[in-house]
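Report on the following structure.
We did not get these values from a lab; they are worked out from the coordinates using the rules stated. Since we're looking at a predicted model, the values are computed, not measured. Heads up, the Cβs are rebuilt from the backbone with ideal geometry, glycines too, and the neighbour counts pull from every protein chain shown.
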Amino acid sequence: MRVHAFTFNPFAENTYILIDDTTHECALVDPGCHTPGEQDTLRRFIADSNLTPTQLLLTHGHVDHVLGLDFAARTWNLTPQHHPADQETLRAVPLYAGIYGFGQVRLPEPTAPLLTPGTIRVGELELEVRFTPGHAPGHVVFYHEPTRRLIGGDMLFQGSVGRTDLPGGDFATLEASIREQLYTLPDEVVVYPGHGPTTTIGAEKRSNPFVRSV
C-alpha cells in the first residue's frame, strides 16, 4: 500500500489517498479539501496518477475531516462510509460549520455504514477497520497489516492525542481505545494521523505524555 497525504483547510487536516499500485485503485480518507484550489489539487493528483477511486472513507465526522466529502462523492461517484455511531457527529456539521468561517457545508446522501470489526478492500489491498471511540463516538482507524501502516484519524499524534472536549468525546474512552486497539499493534507500525507528522506505535508507547504504555 502506498500512502499519499495532503494537508488541507485552516485546521491543517491530513487527507490521505491509499493506493494499490497493482490495480491503480485507491481509497480517499477524510477529504478535508475546502477551497476550489484544494479540490483541484486532489483532482489533478488522482488524474495525473491514473488512479481510480473506489472507496470514500471517514475516520470520523468532524468538520475539518469532511469539508471535501460532497465534492469527492460527486466527482468520483462514491458513497461515503462511516461508523453508524458517528451519524449524529456528521449530521451536526452544517449546523456549526459557519462558526469556523466555512459557510454552508453540503453533505452527500446517502452514506453507508462502516461496521467493526470488518475489512475494506481497495484493489488487492485489505484494510482492517478498528473501532476507536473517544475523540468522537464513532471514530475508526484503518490498518494495513502487510505494510504495518495505520491511518489513525484524530486518536494518536506525535506526542499527543485527540481532544476530548467536543460533543461525544471522553478521555477515558479514548485512552482505552488507544491501549486496546493501537498499542496492541507492533511497535514498528507507522501512524498517519489526522494532523501533524507521522509517528510510530513504539515511539508513542515510550514517550507519549498522555497515554503511556503500561
### Task
Using a cut-off of 14 Å between beta-carbons, work out the net charge of the residues near GLY138 (Lys and Arg +1, Asp and Glu -1, GLY138 not included).
-3
### Query
Among 115-122, 154-161, what's the highest-first ranking by average C-beta atoms within 10 angstrom per residue?
154-161, 115-122
### Message
5 Å is the cut-off here: which amide hydrogens, built 1.01 Å from N in the peptide plane, fall below it relative to VAL211, excluding neighbours closer than 5 in sequence?
### Response
none
## Note on the structure
In whole angstrom, the spacing between the Cα centers of region 161-214 and region 38-61 equals 26
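Just the C-alpha atoms of region 118-205: what Rg/Rh do they give, with Rh taken as the Kirkwood radius?
Working: Rg = 12.3 Å, Rh = 12.9 Å.
Expressed as Rg/Rh, it is 0.96.
Determine the equivalent ellipsoid of region 1-126 by diagonalising the alpha-carbon gyration tensor, then write out the semi-axes as square roots of 5 times the eigenvalues, largest first, rounded to whole Å.
On the way: eigenvalues 104, 64, 26 Å².
Result for region 1-126: semi-axes of 23, 18, 11 Å.
Rank the residues VAL140, VAL93 as a footprinting-exposure proxy: fewest other Cβ atoms within 10 Å of their Cβ go first.
Numbers: VAL140 29, VAL93 20.
Fewest to most other Cβ atoms nearby, the residues stand as VAL93, VAL140.
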### Message
When a/c reaches 1.5 or more, the comparison of a/b and b/c decides; with that in mind, is the chain rounded, prolate or oblate per its Cα gyration tensor?
### Response
oblate
### Summed side-chain charge close to GLY202 - residues other than GLY202 whose Cβ falls under 10 Å, Lys, Arg +1, Asp, Glu -1
-1
## Note on the structure
If one builds a Gaussian network model of the chain from Cα atoms under 10 Å apart, the most fluctuating residue listed among LEU166, LEU125, LEU182 is LEU166
### Message
Under 5 Å between amide hydrogens, which residues at least 5 positions from GLY68 or on another chain qualify, with H placed 1.01 Å from N in the peptide plane?
### Response
GLY32, CYS33
#### Entry: Rounded Å value of the spacing that divides the Cα centres of region 63-119 and region 125-150
18
### Query
For ASP20, what is the net charge nearby, where nearby means another residue's Cβ is under 11 Å from its Cβ and Lys, Arg count +1, Asp, Glu -1?
-2
